[in-house]
Amino acid sequence: MSTGAETTRPTTEISVVVPVFNEEPNLRELHKRIVTTLEALGRSFEIVAVDDGSKDGSLETLKAIRAEDPRLRIVQLARNFGQGPAIYAGFANVRGKIVCLLDADLQNPPEELPKLIAKIDEGYDYAGGRRSGRNESFSRQLGSRFLNWIIRRTTRTAFYDMGCALKAFRRDVTDHLVRFTHHSRYLPVDLAWLGVRMIEVDVGYSERTVGESKYGLLKLLRTSFDLVTGITSAPLQMLSPLGFIFAIIGFLMALRVLFVRVVSGDTSQVAVVVAVFFVLSGVQLIATGLMCEYISRIYIEVQNRPYYVVKDVDE
Ligand code: UDP
Ligand code: MG
C-alpha cells in the first residue's frame with residue numbers, strides 16, 4: 001500500500017482529479033462532459049477518480065467507464081476517509097503537468113476547466129473558481145463567507161471562495177502538497193505557505209440535482225475553528241501576556257494598600273486579599289503560558305513542513 005508521498009514525472013498534459021463518494025448517478029455524465037471539454041482543447045489528459053469508500057455502485061460504474069476509456073484511472077481508497085484525503089490521494093497519483101480538481105456532483109461545470117487551465121498556462125501556480133449565481137440557504141452562505149474571511153485574515157491571501165472545488169494547479173504545487181505530512185491540512189493555508197502565485201476566476205455553478213450534500217453549517221463553523229487553531233498558536237501564546245497584566249495589576253494594588261496604610265493608617269485587609277489574588281493568578285497564568293509556549297513549539301514541529309521551498313535554481 002502506498003501512502004502517496006512519492007510522485008512520478010508528468011507523462012500527460014492535464015490531470016483532472018475527482019473525489020467520489022456515493023455519486024453513482026452523476027458519474028457517466030461527469031465523464032462525458034469532462035472528455036468533451038478537454039478533447040476540444042486538443043491536449044492529452046487523464047481523469048483520476050478517487051473512490052472514497054463509496055457504498056453505492058460508484059466504483060462499479062467507474063470500472064465500467066474505464067473499460068471503455070482508459071484515460072480514466074481509478075484510485076480506490078480502503079474506506080471512506082473524507083473529501084480532503086481523497087483529493088490528496090488523487091494528487092499523489094497524477095501524471096499530468098497541470099492538475100485540475102472538481103467535485104463529482106456536477107455542481108462545478110466541467111466546461112469551466114479551460115478557463116482555469118488558461119491561467120496556469122499564463123504563469124499562475126494556482127487558479128481557483130469563484131462561484132457566481134449561488135443559490136444556497138442564507139445560513140450556509142453566511143457560514144462560507146465567514147470561513148473565507150478567516151482564511152483571508154489568517155493567510156493574508158486573496159481567497160474569496162475557497163469552498164469552490166473547481167481548481168487548477170501547476171504540477172509542482174500538488175507535488176509539494178503531497179509531500180507535507182501534517183494531518184490537519186487546509187489547502188489555502190498550505191498554498192499561502194508555499195507562496196504560490198494565485199488567482200480566482202469567475203465560474204458558473206449549479207445546484208446539486210442528484211444525491212445529497214455531505215456538509216452543513218455546523219461543519220463549516222467547525223472548520224473555521226480548526227483553521228484558526230490549525231494555522232496559528234496565537235491563542236496559546238496569549239496566556240503569558242495576560243498573566244503579566246494580572247501580576248502587574250496585583251502589584252500596583254499592593255503598592256496602593258501600602259500607600260494608604262502609611263498615609264492614613266488604614267489597615268483594612270480586603271484590598272490586600274484582592275492584591276494577593278491578582279498576583280497569584282498572574283503567576284499561575286505565566287506558568288501555564290510558558291507551558292503553552294512549549295506546546296506550540298511541539299505543535300509546529302509535528303507539522304513537519306519543509307524548512308523552505310525553492311522556486312527555481314539556475315543550472
Ligand atoms: N466527497 C468525498 N468523500 C466524502 C464526502 C464527499 O470524496 O467523505 C466528495 C463528493 O463525492 C463530492 C465532493 O467530495 O465529489 C463534494 O462533496 P459534496 O458535494 O457533498 O459537498 P458540497 O458540494 O455540499 O460542499
Ligand atoms: Mg457538492
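Readers should treat all values here as calculations from the given coordinates under stated rules, not as data from a laboratory. Please read all numbers here as calculations on a predicted model, not as lab measurements. Reconstructed Cβ throughout: ideal geometry from the backbone, glycine too, with neighbour counts over all protein chains shown.
Close amide H pairs (under 5 Å, H built 1.01 Å from N) link ILE47 with VAL16, LEU72, ARG73, residues at least 5 positions away or on another chain. What the Kirkwood sum gives for segment 1-159 is a hydrodynamic radius of 16.8 Å, with every pair of different alpha carbons counted.
Between LEU101, VAL228, VAL279, the Cα set farthest toward the positive side of the dipole of the chain (charges on each charged residue's Cβ, about the Cα centre) is that of VAL279.
Once the Cα gyration tensor of segment 40-113 is found, what semi-axes does its equivalent ellipsoid get, as square roots of 5 times the eigenvalues, in whole Å, sorted largest first?
20, 15, 13
For the chain, the calculated P(r), taken from all Cα-Cα distances in 20 Å bins from zero up to the bin holding the longest distance, is 27, 46, 16, 9, 1 percent.
Projected label points at VAL273 and LEU218, each 7 Å from Cα along the beta carbon direction, are separated by 4.4 nanometres.
In order along segment 239-252, the Karplus-derived 3J(HN,Hα) couplings, from 6.51 cos²θ - 1.76 cosθ + 1.60 at θ = phi - 60°, round to 5, 4, x, 4, x, 4, 4, 4, 4, 5, 4, x, 5, 4 Hz, and Gly and Pro are given as x. Backbone phi angles across segment 167-175, fed through the Karplus curve with coefficients 6.51, -1.76 and 1.60 (θ = phi - 60°), yield HN-Hα couplings of 8, 9, 10, 6, 4, 4, 5, 5, 4 Hz in residue order; Gly and Pro are listed as x.
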